[in-house]
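The values are calculated or read from the model by the stated rules, or taken from the named source; none is laboratory data. Values in this document were obtained by computation on a predicted structure and should not be read as measured data. Quick reminder, even Gly has a Cβ in these numbers, built from the backbone with ideal geometry, and neighbours come from all protein chains shown.
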């Protein structure tokens, strides 16, 4: 029996929908499993709607046809993780463990995890590389670090190919429901309004376009690499630079109001993606200006 089905958890989400389209473009059948209904019915896409904490949902999604799992579903809000650490543990760690165990029992050999550089914690303005020690500072970061260790354990004990992809700040078309900074910029431009930024706006972030993220997922799937890989733009920009780029792309004034930064606001997220070229073949391709243009086209309709 040739296994070909790709299970994409969280497949109804922003990154999930793009990943499903990418796997279908490669001719692979996809099973989407999500709490939310899948909004883009298509040939070759099987949909399982339900909560991954439910064994029946997991067992309906992962079958003897499953070639591998792309696990994107998670509780990803840092703030919510601080407020609800037990739910974060259940949604992130317990679900990942159950999926890994189901994969082991079904003979599924590939498992990709959407992880985060929050597993490293705050390194100030230093550059984040894949080999830094795990020192998460929030329940969200801690649960993703735990998931990475589970992947390592299942690879070591059972020979599964497991790869943790540490995404930076993902943006692009399809994120209208998000409340991160790029959607806020786009909505403000549409409304002719301004934006609030924390502190002096010189804090730096790495913004990676969803097209680059989806390519990284496909590359990791095909590479057979076990380990961790940083998926970012490899170029950090300040919040003020983001606003300036958005002004160019949208033509809007986007006046800025500086407000006090919340406790824990990191001064910088600077990542080195060079190792990802060696491990999974990933090299970012979408510039910030081109990426913001695709987001603006999406929001402007």
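Okay, residues lined up against (1) closer than 21 Å to residue 287 by Cα; (2) touching a residue at least 24 places away in the same chain (Cβ under 8 Å); (3) outside any loop (DSSP other than H, G, I, E, B); (4) not assigned by TED's automatic domain parsing to the domain that holds residue 253:
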{"position": "162", "(1), (2), (3), (4)": "no, yes, yes, yes"}
{"position": "183", "(1), (2), (3), (4)": "yes, yes, yes, no"}
{"position": "196", "(1), (2), (3), (4)": "no, yes, yes, no"}
{"position": "201", "(1), (2), (3), (4)": "yes, yes, no, no"}
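List every residue pair whose Cβ atoms lie under 6 Å apart, where the two residues are 6 or more positions apart in sequence or sit on different chains, the first residue falls within the range 258-270 and is under 11 Å from residue 126 (Cα atoms), and the second residue, located anywhere, is at pLDDT 90 or above and in a strand (DSSP E or B).
Listed pairs, sorted by first residue: 268/204; 269/205; 269/206; 270/127; 270/236.
Is it fair to say residue 247 is in a helix (DSSP H, G or I) and out of contact with any strand residue (DSSP E or B) (no Cβ under 8 Å at 6 or more places or on another chain)?
Details: in a helix (DSSP H, G or I): yes; out of contact with any strand residue (DSSP E or B) (no Cβ under 8 Å at 6 or more places or on another chain): yes.
In short, yes.
Before we move on, is residue 119 assigned by TED's automatic domain parsing to the domain that holds residue 61 and modelled with pLDDT under 95?
Values: assigned by TED's automatic domain parsing to the domain that holds residue 61: yes; modelled with pLDDT under 95: no.
So residue 119 does not fit the description; no.
Being assigned to a loop (DSSP other than H, G, I, E, B) and either touching a helix residue (DSSP H, G or I) at 6+ places or on another chain (Cβ under 7 Å) or farther than 25 Å from residue 120 by Cα (or both) is the filter here, so list the residues in the range 167-181 that pass it.
Within the range 167-181, the first condition is being assigned to a loop (DSSP other than H, G, I, E, B), and the residues that meet it are 168, 172-180.
Answer for the range 167-181, where residues must be assigned to a loop (DSSP other than H, G, I, E, B) and either touching a helix residue (DSSP H, G or I) at 6+ places or on another chain (Cβ under 7 Å) or farther than 25 Å from residue 120 by Cα (or both): 168, 172, 173, 174, 175, 176, 177, 178.
Residue by residue, here is whether (1) under 22 Å from residue 172 (Cα atoms); (2) out of contact with any strand residue (DSSP E or B) (no Cβ under 8 Å at 6 or more places or on another chain) holds:
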| position | (1), (2) |
| --- | --- |
| 23 | yes, no |
| 39 | yes, yes |
| 53 | no, yes |
| 66 | no, no |
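Could you identify the single residue in 93, 78, 82, 70 that is exposed (fewer than 15 other Cβ atoms within 10 Å of the Cβ), under 30 Å from residue 132 (Cα atoms) and in contact with a helix residue (DSSP H, G or I) (Cβ under 8 Å, 6 or more places away or on another chain)? Please lay out each step first, then the result.
Numbers: 93 fails: exposed (fewer than 15 other Cβ atoms within 10 Å of the Cβ); 78 fails: exposed (fewer than 15 other Cβ atoms within 10 Å of the Cβ); 70 fails: exposed (fewer than 15 other Cβ atoms within 10 Å of the Cβ).
Among 93, 78, 82, 70, only 82 is exposed (fewer than 15 other Cβ atoms within 10 Å of the Cβ), under 30 Å from residue 132 (Cα atoms) and in contact with a helix residue (DSSP H, G or I) (Cβ under 8 Å, 6 or more places away or on another chain).
Inspect all residues belonging to the range 30-41 and state whether any of them is under 20 Å from residue 110 (Cα atoms) and surrounded by fewer than 22 Cβ atoms within 10 Å (Cβ to Cβ).
Our first condition is that a residue be under 20 Å from residue 110 (Cα atoms); within the range 30-41, this holds for 30-34.
Subset that is surrounded by fewer than 22 Cβ atoms within 10 Å (Cβ to Cβ): none.
Within the range 30-41, not a single residue is under 20 Å from residue 110 (Cα atoms) and surrounded by fewer than 22 Cβ atoms within 10 Å (Cβ to Cβ).
Exactly one condition in (1) more than 17 Å from the chain's Cα centre (by Cα); (2) not assigned by TED's automatic domain parsing to the domain that holds residue 25 is not met by residue 222; state its number.
The one condition residue 222 does not meet is (2).
Quick check on my filter: what residues within the range 48-67 are part of a loop (DSSP other than H, G, I, E, B), in contact with a helix residue (DSSP H, G or I) (Cβ under 7 Å, 6 or more places away or on another chain) and either within 15 Å of residue 97 (Cβ to Cβ) or not assigned by TED's automatic domain parsing to the domain that holds residue 31 (or both)?
If the condition is that a residue be part of a loop (DSSP other than H, G, I, E, B), in contact with a helix residue (DSSP H, G or I) (Cβ under 7 Å, 6 or more places away or on another chain) and either within 15 Å of residue 97 (Cβ to Cβ) or not assigned by TED's automatic domain parsing to the domain that holds residue 31 (or both), then 52, 53, 62 are the ones that fit.
What about residue 11, is it outside any helix (DSSP H, G or I), more than 16 Å from the chain's Cα centre (by Cα), within 27 Å of residue 211 (Cβ to Cβ) and assigned by TED's automatic domain parsing to the domain that holds residue 157?
Working: outside any helix (DSSP H, G or I): yes; more than 16 Å from the chain's Cα centre (by Cα): no; within 27 Å of residue 211 (Cβ to Cβ): yes; assigned by TED's automatic domain parsing to the domain that holds residue 157: yes.
Taking the combined requirement at face value, the residue does not satisfy it.
How many residues are over 16 Å from residue 11 (Cβ atoms) and touching a residue at least 12 places away in the same chain (Cβ under 8 Å) when one looks only at the range 66-79?
Total meeting the criteria: 3.
Anything in the range 98-118 that is closer than 30 Å to residue 3 by Cβ and not in a strand (DSSP E or B)? List them, or say none.
Going residue by residue through the range 98-118, those that are closer than 30 Å to residue 3 by Cβ are 98-116.
Hits for the range 98-118 are 98, 99, 100, 101, 102, 103, 104, 105, 106, 107, 108, 109.
Have a look at 112, 137 and point out the one that is within 21 Å of the chain's Cα centre (by Cα), surrounded by fewer than 17 Cβ atoms within 10 Å (Cβ to Cβ), assigned by TED's automatic domain parsing to the domain that holds residue 21 and in contact (Cβ under 8 Å) with a residue 60 or more places away in the chain. Break it down stepwise before answering.
Working: 112 fails: surrounded by fewer than 17 Cβ atoms within 10 Å (Cβ to Cβ).
The unique qualifying residue is 137.
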